[in-house]
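> What follows is a single structure, and I will ask about it in a moment.
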(Lines give C-alpha, C1' and ligand atoms only; values in the text may rest on other atoms or scores of the structure.)
Protein backbone atom coordinates (compact mmCIF):
# COMPACT_ATOMS: atom_id res chain seq x y z
CA UNK A 1 0.00 0.00 0.00
CA UNK A 2 1.36 3.43 -0.87
CA UNK A 3 1.59 6.27 1.64
CA UNK A 4 -1.26 8.12 -0.10
CA UNK A 5 -3.44 4.99 -0.16
CA UNK A 6 -2.80 4.41 3.56
CA UNK A 7 -3.87 7.98 4.38
CA UNK A 8 -6.93 7.65 2.15
CA UNK A 9 -7.94 4.42 3.87
CA UNK A 10 -7.60 5.92 7.34
CA UNK A 11 -9.47 9.10 6.41
CA UNK A 12 -12.25 7.03 4.80
CA UNK A 13 -12.66 4.99 7.99
CA UNK A 14 -12.83 8.15 10.09
CA UNK A 15 -15.35 9.78 7.75
CA UNK A 16 -17.46 6.62 7.83
CA UNK A 17 -17.98 7.14 11.57
CA UNK A 18 -20.80 9.51 10.61
CA UNK A 19 -22.76 6.45 9.44
CA UNK A 20 -22.69 4.88 12.91
CA UNK A 21 -23.30 8.07 14.88
CA UNK A 22 -26.40 6.73 16.71
CA UNK A 23 -24.33 3.82 18.03
CA UNK A 24 -21.52 6.20 19.03
CA UNK A 25 -23.99 8.37 20.93
CA UNK A 26 -25.44 5.28 22.65
CA UNK A 27 -21.95 4.10 23.63
CA UNK A 28 -21.19 7.54 25.06
CA UNK A 29 -24.40 7.40 27.13
CA UNK A 30 -23.43 3.97 28.48
CA UNK A 31 -19.89 5.07 29.37
CA UNK A 32 -20.96 8.34 30.98
CA UNK A 33 -23.81 6.66 32.87
CA UNK A 34 -21.52 3.93 34.18
CA UNK A 35 -18.97 6.44 35.46
CA UNK A 36 -21.68 8.78 36.82
CA UNK A 37 -22.91 5.90 39.00
CA UNK A 38 -19.35 5.15 40.25
CA UNK A 39 -19.22 1.85 38.39
CA UNK A 40 -16.22 0.64 36.42
CA UNK A 41 -15.26 -0.10 32.85
CA UNK A 42 -13.72 -3.52 32.15
CA UNK A 43 -11.86 -3.13 28.86
CA UNK A 44 -10.35 -5.93 26.78
CA UNK A 45 -8.68 -6.59 23.44
CA UNK A 46 -5.87 -8.57 21.81
CA UNK A 47 -2.64 -7.29 20.25
CA UNK A 48 -3.09 -3.70 19.04
CA UNK A 49 -6.57 -3.72 20.56
CA UNK A 50 -5.01 -4.70 23.90
CA UNK A 51 -2.85 -1.60 23.63
CA UNK A 52 -5.98 0.45 22.97
CA UNK A 53 -7.71 -1.14 25.99
CA UNK A 54 -4.75 -0.15 28.17
CA UNK A 55 -4.72 3.31 26.61
CA UNK A 56 -8.41 3.86 27.42
CA UNK A 57 -8.02 2.65 31.03
CA UNK A 58 -4.94 4.85 31.45
CA UNK A 59 -6.81 7.94 30.25
CA UNK A 60 -9.56 7.27 32.81
CA UNK A 61 -7.58 6.26 35.88
CA UNK A 62 -4.85 8.79 35.10
CA UNK A 63 -6.02 11.74 33.07
CA UNK A 64 -6.81 12.72 29.52
CA UNK A 65 -6.41 16.48 29.12
CA UNK A 66 -7.44 17.93 32.44
CA UNK A 67 -6.81 17.02 36.03
CA UNK A 68 -9.92 15.41 37.49
CA UNK A 69 -10.75 12.64 39.89
CA UNK A 70 -9.45 9.20 38.93
CA UNK A 71 -12.15 7.11 37.28
CA UNK A 72 -12.59 3.32 37.65
CA UNK A 73 -11.36 1.38 34.63
CA UNK A 74 -9.39 -1.82 34.26
CA UNK A 75 -7.59 -3.10 31.18
CA UNK A 76 -8.13 -6.86 31.28
CA UNK A 77 -5.30 -7.27 28.77
CA UNK A 78 -2.54 -5.81 30.93
CA UNK A 79 -1.68 -8.34 33.64
CA UNK A 80 0.64 -10.90 32.07
CA UNK A 81 0.68 -13.16 35.13
CA UNK A 82 -3.10 -13.29 35.29
CA UNK A 83 -3.45 -13.82 31.53
CA UNK A 84 -0.95 -16.70 31.58
CA UNK A 85 -2.58 -18.26 34.64
CA UNK A 86 -6.07 -18.23 33.14
CA UNK A 87 -4.75 -19.21 29.71
CA UNK A 88 -2.88 -22.16 31.17
CA UNK A 89 -5.64 -23.35 33.48
CA UNK A 90 -8.77 -22.56 31.44
CA UNK A 91 -7.57 -21.85 27.89
CA UNK A 92 -6.80 -18.57 26.15
CA UNK A 93 -10.45 -18.26 25.09
CA UNK A 94 -11.30 -17.58 28.76
CA UNK A 95 -8.69 -14.94 29.66
CA UNK A 96 -11.22 -12.08 29.63
CA UNK A 97 -14.41 -13.92 30.59
CA UNK A 98 -12.79 -15.30 33.74
CA UNK A 99 -11.67 -11.80 34.79
CA UNK A 100 -15.14 -10.41 34.12
CA UNK A 101 -16.61 -13.19 36.26
CA UNK A 102 -14.28 -12.28 39.13
CA UNK A 103 -14.12 -8.49 38.88
CA UNK A 104 -17.48 -7.32 37.54
CA UNK A 105 -20.19 -5.98 39.81
CA UNK A 106 -23.73 -4.95 38.87
CA UNK A 107 -23.70 -1.74 36.86
CA UNK A 108 -20.20 -2.21 35.46
CA UNK A 109 -19.64 -1.91 31.71
CA UNK A 110 -17.63 -4.30 29.52
CA UNK A 111 -15.83 -2.66 26.59
CA UNK A 112 -14.47 -5.15 24.06
CA UNK A 113 -12.15 -4.04 21.25
CA UNK A 114 -11.48 -6.20 18.19
CA UNK A 115 -10.74 -5.22 14.61
CA UNK A 116 -12.24 -8.51 13.38
CA UNK A 117 -14.89 -9.24 15.99
CA UNK A 118 -14.06 -12.93 15.74
CA UNK A 119 -11.54 -13.44 18.54
CA UNK A 120 -12.84 -16.32 20.67
CA UNK A 121 -11.82 -14.62 23.91
CA UNK A 122 -13.70 -11.43 22.94
CA UNK A 123 -16.78 -13.47 22.05
CA UNK A 124 -16.50 -15.31 25.41
CA UNK A 125 -16.12 -11.98 27.25
CA UNK A 126 -19.33 -10.67 25.69
CA UNK A 127 -21.15 -13.92 26.54
CA UNK A 128 -19.97 -13.58 30.15
CA UNK A 129 -21.12 -9.96 30.30
CA UNK A 130 -24.54 -11.00 29.05
CA UNK A 131 -24.73 -13.90 31.52
CA UNK A 132 -24.00 -11.48 34.37
CA UNK A 133 -26.56 -8.96 33.14
CA UNK A 134 -23.93 -6.34 32.31
CA UNK A 135 -24.13 -3.77 29.54
CA UNK A 136 -21.44 -4.07 26.89
CA UNK A 137 -19.91 -2.05 24.09
CA UNK A 138 -17.82 -3.54 21.30
CA UNK A 139 -15.51 -1.49 19.08
CA UNK A 140 -15.28 -3.65 15.98
CA UNK A 141 -14.31 -3.60 12.32
CA UNK A 142 -14.56 -5.67 9.14
CA UNK A 143 -18.27 -6.39 9.48
CA UNK A 144 -18.30 -6.91 13.24
CA UNK A 145 -17.85 -10.67 13.18
CA UNK A 146 -19.34 -12.94 15.81
CA UNK A 147 -19.03 -10.23 18.49
CA UNK A 148 -21.44 -7.74 16.91
CA UNK A 149 -24.72 -9.48 17.80
CA UNK A 150 -23.48 -10.21 21.34
CA UNK A 151 -22.66 -6.62 22.27
CA UNK A 152 -25.32 -4.40 23.75
CA UNK A 153 -23.88 -1.61 21.61
CA UNK A 154 -21.72 -2.55 18.62
CA UNK A 155 -19.61 0.18 17.00
CA UNK A 156 -18.56 -1.51 13.77
CA UNK A 157 -16.19 0.60 11.71
CA UNK A 158 -17.29 0.30 8.07
CA UNK A 159 -13.85 -0.68 6.75
CA UNK A 160 -12.07 -3.89 5.81
CA UNK A 161 -8.65 -2.40 6.67
CA UNK A 162 -7.70 -3.59 10.18
CA UNK A 163 -5.23 -0.73 10.71
CA UNK A 164 -7.81 1.87 9.71
CA UNK A 165 -10.32 0.23 12.08
CA UNK A 166 -7.82 0.45 14.94
CA UNK A 167 -7.16 4.11 14.12
CA UNK A 168 -10.90 4.80 14.19
CA UNK A 169 -11.15 2.94 17.51
CA UNK A 170 -8.47 5.19 18.97
CA UNK A 171 -10.32 8.25 17.66
CA UNK A 172 -13.48 7.01 19.42
CA UNK A 173 -11.59 6.39 22.66
CA UNK A 174 -10.31 9.97 22.56
CA UNK A 175 -13.79 11.27 21.68
CA UNK A 176 -15.23 9.45 24.71
CA UNK A 177 -12.42 10.88 26.87
CA UNK A 178 -13.33 14.39 25.70
CA UNK A 179 -16.94 13.79 26.79
CA UNK A 180 -15.80 12.33 30.11
CA UNK A 181 -13.51 15.31 30.79
CA UNK A 182 -16.36 17.69 30.07
CA UNK A 183 -18.67 16.00 32.59
CA UNK A 184 -16.28 15.05 35.44
CA UNK A 185 -14.28 17.25 37.75
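The values are calculated or read from the model by the stated rules, or taken from the named source; none is laboratory data. Given the structure is predicted, the values throughout are model-derived calculations rather than measurements. A quick note on method: Cβ atoms are made from the backbone with ideal geometry, for glycine too, and the neighbour counts reach across all protein chains shown.
> For residue 126, are the conditions met, namely being modelled with pLDDT of 95 or more, at negative phi and in contact with a helix residue (DSSP H, G or I) (Cβ under 6 Å, 6 or more places away or on another chain)?
yes
> Still on this model: Output the residue which, of all residues in the stretch 117-146 that are in a helix (DSSP H, G or I) and under 12 Å from the mean Cα position of the chain (by Cα), is nearest to residue 27 (Cα to Cα).
Ranking the candidates gives 126 first.
> Do we have residue 132 as out of contact with any helix residue (DSSP H, G or I) (no Cβ under 6 Å at 6 or more places or on another chain) and buried (at least 19 other Cβ atoms within 10 Å of the Cβ) here?
The answer is no for residue 132.
> For the stretch 85-105, what are the residues that are in contact (Cβ under 8 Å) with a residue 40 or more places away in the chain and surrounded by fewer than 17 Cβ atoms within 10 Å (Cβ to Cβ)?
103, 105, listed by residue number.
> Follow-up question, since we're still on this one. I'm checking my understanding of the structure. Among residues of the stretch 117-129 that are under 27 Å from residue 12 (Cβ atoms) and touching a strand residue (DSSP E or B) at 6+ places or on another chain (Cβ under 9 Å), which one is surrounded by the fewest Cβ atoms within 10 Å (Cβ to Cβ)?
Among those that are under 27 Å from residue 12 (Cβ atoms) and touching a strand residue (DSSP E or B) at 6+ places or on another chain (Cβ under 9 Å), it is 119.
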